[in-house]
Amino acid sequence: MRIARFSTGSDPQYGIVELAVDGGEHPDTVAALTGDPLATKVQLTGQRFPLADVRLLAPVIPRSKVVAVGRNYAEHAAELGNEVPETPLVFLKPNTSVIGPEDAIIYPTYTKQLSYEGELAIVIGRICKEVPAERVPEVIFGYTIANDVTARDLQGPDKQWARAKGSDTFCPLGPWMVTHLSIEEAENLMITTTVDDERRQHDSTRLMLHKIVDLVVYISSFTTLLPGDVILTGTPAGVGPMEVGQRVSVEIDGIGTLSNPVVAAG
């Protein structure tokens, strides 16, 4: 199932997306739901809209946090001259960094080296702490796509990554959440990032060093995860710059494509 958060010009709402490739009766539409599936039980309202007529929003605005994982692909760590960490290297991105599909990534004036990082994202579905490995599937609501936007030239001088990773618009998410993928399936998906029409990243999630179960177990060992929290699982090799006027798209097989333009601040 694909669950989107969308607007028709009024308040945001959630809905179930049906695509033409599904072969169903309502291709390329979204069927509206009551309430928030990450907070309450929901049901269909009976309303259905063509996808072309709605604005897709970030599929989730984390109530608490985005927990991101660095250097989780060996070739990516190597391309930046970094060692591979023995345990997951985690950092936080504030929920104010989250934007949705087609929203603009703002190129701040305080950086000269803005980079893309296409990633698989895990959406947490329930309150959990110290999750044992065998129960990880129970706490995952679904998966979406992320771009871990990074001001690369700030990471070293700042000594921590609050500005480099957490500035406004630095966490595009979308286009929707998928709930039908098993953990095994999610760990065997191709991530492809393009800047305009040039392919920059193209690798499989099977190359993650710390797997999905390991990440949820580790992160929940020190912080409580809440419904709607998002875990970014790291980026494969091929990261690089994006410039004002360009469009960055991250596609993950089985999920969809997240696309955002890059615009100048102000």
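We did not get these values from a lab; they are worked out from the coordinates using the rules stated. What you see is a predicted model; the values in this text were computed from it and never measured. Positions of Cβ are backbone-derived with ideal geometry, glycine not excepted, and every protein chain shown enters the neighbour counts.
What the table shows:
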| quantity | calculated |
| --- | --- |
| Inter-site label distance for residue 41 and residue 104 at 7 Å from Cα along Cβ, in nm | 4.4 nm |
| Estimated distance in nm for a label pair at residue 96 and residue 34, the labels positioned 7 Å out from Cα along Cα-to-Cβ | 3.6 nm |
| By average C-beta atoms within 10 angstrom, highest first, the peptides 25-34, 254-263, 63-72 | 63-72, 254-263, 25-34 |
| Gain in span if fully extended, residue 83 to residue 190, counting 0.36 nm per residue against the direct Cα distance | 36.1 nm |
| Spherically averaged projected area in nm², based on the convex hull that wraps the Cα atoms of the chain | 13.9 nm² |
| Net charge dipole size for the chain [Lys, Arg +1 and Asp, Glu -1 on Cβ; Debye, nearest 20] | 800 debye |
| Listed pairs 41/93; 41/211; 112/211; 41/165; 112/165 exceeding 26 Å between Cα atoms | 41/93; 41/211; 112/211; 41/165 |
| Of 92, 213, 45, farthest towards positive along the dipole that unit charges on Lys, Arg, Asp, Glu beta carbons give the chain | 92 |
| Unit Cα scatterers, Debye sum, the stretch 2-57: log10 I(q)/I(0) for q = 0.13, 0.18, 0.27, 0.31 Å⁻¹ | -0.28, -0.54, -1.11, -1.33 |
| Longest to shortest principal axis, alpha-carbon extents of the stretch 76-192, angstrom | 43, 36, 28 |
